[in-house]
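Take a look at the structure set out below.
What follows draws every value from the coordinates through simple rules; no lab data is involved. A quick note: this is a predicted structure, and the numbers were derived from the prediction, not measured. Don't worry about glycine lacking a Cβ; one is built from the backbone with ideal geometry, like all the others, and counts go over all protein chains shown.
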Amino acid sequence: KPVFFHCEDEECLIQHKKTKLNLSDHMRFRPSICEEISIKKVIEDSKGFSTRVHICHVSSCEGLELLKNKPMNISFGVTPHHSLLYVEKDMGSQSLFKTNPPIRTSFDKESLFNSLKNGLADILESDHAPHTLEEKDVDFDEAPSGVPGVETLYPLFLFLAKKEVISFQRLISLLCVKPANLLGIPKGRLDKGSDADFLVVDLKNESRIKSENLHSRCGWTPFEDWLAIFPETVFIRGEKVIEDNEIQVKQGFGKFVGA
């Protein structure tokens, strides 16, 4: 079974801990060196073992540099919020976009997106954390970390693939093939013996992401008004579960998928 790591070194975080008032503070006081130290430890400690290791939500170009020559048993993921957003951008409410590891600079953002495009990154992952507006509407330092992202993951990147910013082949690998391979589950491909999970997409059907049209309990999205392409229909295990953005199955349809 794979082992998953959130790579921020605890001692390093304690050394840099200060009161944070905004996203720039959050980035400075959870610096990329804490991610670097942790990634180095994971790489070193995994040597000589065949256990699959996955490093979640890499957030910095320094972290990427360490992973360029990673061992075969190590994979890593990148999120939409780390690869599309950056701290210099005016994002409105600062506490809404607080997440760990932090959203970083435009240079980090570009490096992370390129890792998705060029095949260095293994998985595009949401790190979905649906804190409500009420939970986030407090002083920055007290606000919980994390942003919602599972429902906008595919639509954002389907639009980018249509615009040829990233290839459809890469998306299939990042979102389907490699996650299924990592977990060792019969998904991620249309093949005999695999679950019949697939999307039906009309690439002409572009729309703006609106929080009121999403299904998460949190009531907001970091990608409000971004252009996206939502699937027309979603099938899981051969059953139609979503059509025209409405859920078609009853609660309890889902099944636990263990690694």
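Just a few scattered comments:
- Paramagnetic reach from residue 168 in region 219-259 [backbone N under 18 Å; point 7 Å along Cα→Cβ]: 228-235
- Among 122, 108, 90: highest mean-square fluctuation, GNM of the chain, C-alpha pairs under 10 Å: 90
- Applying 0.36 nm per residue to the separation of residue 21 and residue 185 and subtracting their alpha-carbon distance, the gain on full extension is 54.8 nm.
- DSSP-defined antiparallel bridges as percent of all bridges, the chain, nearest 5: 55 percent
- When you count the other C-beta atoms within 10 angstrom of each residue and take the mean per peptide, 202-208, 4-10 line up highest first as 4-10, 202-208.
- Reducing region 119-141 and region 217-259 to their Cα centroids gives an inter-centroid distance of 18 Å.
- Taking label points 7 Å from Cα along the Cα-to-Cβ direction, residue 4 and residue 251 give a separation of 2.3 nm.
- Computed packing ranks the peptides 72-84, 230-242 as 72-84, 230-242, most packed first, by mean other Cβ atoms within 10 Å.
- Kyte-Doolittle at least -1.0, axis length at least 20 Å by Cα - qualifying DSSP helices, the chain: 32-46
- Identified option (computed mean projected area of the Cα convex hull in nm²; candidates (1) 13.1; (2) 12.0; (3) 14.3): (3)
- For the options 89, 41, 178, a Gaussian network treatment of the chain with springs between C-alpha atoms closer than 10 Å singles out 89 as fluctuating the most.
- One chain, two ends: residue 216 and residue 44. Fully extended at 0.36 nm per residue, the span grows by 58.1 nm beyond their Cα-Cα distance.
- Contour excess over end-to-end distance, with Cα ends at residue 233 and residue 88 and 0.36 nm allotted per residue: 48.5 nm
- Greater than 28 Å apart at Cα, pairs in 70/117; 41/162; 47/178; 136/163; 1/163: 41/162; 136/163; 1/163
- Note on residue 210: aspartates and glutamates with a C-alpha under 12 Å away, same-chain residues under 8 apart excluded, are 151, 224, 225.
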